[in-house]
1. (1) without any contact (Cβ under 8 Å) to a residue 12 or more places away in the chain; (2) open to solvent by less than 10 Å² (accessible area, probe 1.4 Å): which one isn't true of Glu31, the others all being true?
2. How about the stretch 129-140: which of its residues are open to solvent by 70 Å² or more (accessible area, probe 1.4 Å) and touching a residue at least 12 places away in the same chain (Cβ under 8 Å)?
3. How many residues does the stretch 88-98 hold that are surrounded by 15 or more Cβ atoms within 10 Å (Cβ to Cβ) and hydroxyl-bearing (Ser, Thr, Tyr)?
4. Quick check on my filter: what residues within the stretch 74-96 are more than 17 Å from Glu19 (Cβ to Cβ) and touching an Asp or Glu at 6+ places or on another chain (Cβ under 8 Å)?
5. Is there a residue in the stretch 98-111 that is more than 15 Å from Ala48 (Cα to Cα), of a type in the set (Lys, Arg) and at pLDDT 95 or above?
6. Would you mention how many residues in the stretch 99-125 are in a loop (DSSP other than H, G, I, E, B) and either open to solvent by 60 Å² or more (accessible area, probe 1.4 Å) or closer than 19 Å to Glu70 by Cβ (or both)?
7. Just the residues that are over 15 Å from the mean Cα position of the chain (by Cα) and closer than 22 Å to Glu31 by Cα, please, taken from the stretch 44-83.
8. Can you pull out the residues in the stretch 48-87 that are open to solvent by 40 Å² or more (accessible area, probe 1.4 Å) and within 20 Å of Val110 (Cβ to Cβ)?
Amino acid sequence: MYQYRQSGDTYVVSIDNHEEIVAALAQFCTEQGILSGRIDGIGAVNSATLRFLDPVTKKYVDRTFDEQMEIAALVGNISEKDGKVYLHLHATFGRRDYTAVAGHLLCSRVNGACEVFVTRHACPVGRRFDEETGLNLYQF
């Protein structure tokens, strides 16, 4: 699913071709016991489902893009909710016509490579559901 190297609190992770990125990162963080940190990455995919939160309805609108795209930016954070790894990831994907799509990353499949830095933070960070916003916000 992935290979990695570690240097201090930073992991250099290569997610295998054709793997689903969010699942691979969640598994990696779970196996390494990372419940607080940040994620930065680049690569290429052939499908991605992005989410956009409608603040009026407090519901996510999902859209899937089934095409070859470059990961121009994969950024996010790692926290804990209900005793499990909670990933909050955003991604910007470059398309063949040099336009971009971006949003909250629900899932995406590697088609080529996916190179990610995962940095562990020492301070624990939890999540709680906030009724007003409809979001799982940090809980300190």
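The values are calculated or read from the model by the stated rules, or taken from the named source; none is laboratory data. Here the structure is a predicted model, which is why all the values come from computation and not from measurement. Cβ: placed from backbone, ideal geometry, glycine included. Neighbour counts: every protein chain shown. Ligands, DNA and RNA are stripped out before the accessible areas are found, and what is left, the full protein with its side chains, is counted by its heavy atoms. Shrake-Rupley method; radii C 1.70, N 1.55, O 1.52, S 1.80 Å.
1. The one condition Glu31 does not meet is (2).
2. Here is the first cut: in the stretch 129-140, the ones open to solvent by 70 Å² or more (accessible area, probe 1.4 Å) are 129, 131-132, 138-140.
Residues satisfying the conditions are Tyr138, Gln139, Phe140.
3. Restricting attention to the stretch 88-98, the residues satisfying the condition of being surrounded by 15 or more Cβ atoms within 10 Å (Cβ to Cβ) are 88-94.
So of that shortlist, the ones also hydroxyl-bearing (Ser, Thr, Tyr) come out as 92.
Result for the stretch 88-98: 1.
4. Val75, Tyr86, Gly94, Arg95, Arg96
5. For the stretch 98-111, residues more than 15 Å from Ala48 (Cα to Cα), of a type in the set (Lys, Arg) and at pLDDT 95 or above: absent.
6. As a first pass, look at the stretch 99-125 and keep what is in a loop (DSSP other than H, G, I, E, B): 99, 121-125.
Okay, now just the ones that are also either open to solvent by 60 Å² or more (accessible area, probe 1.4 Å) or closer than 19 Å to Glu70 by Cβ (or both), so 99, 121-124.
Residues in the stretch 99-125 being in a loop (DSSP other than H, G, I, E, B) and either open to solvent by 60 Å² or more (accessible area, probe 1.4 Å) or closer than 19 Å to Glu70 by Cβ (or both): 5 in total.
7. The answer is Lys81, Asp82, Gly83.
8. Residues satisfying the conditions are Arg51, Asp62, Arg63, Thr64, Asp66, Glu67, Gln68, Glu70, Ala72, Val75.
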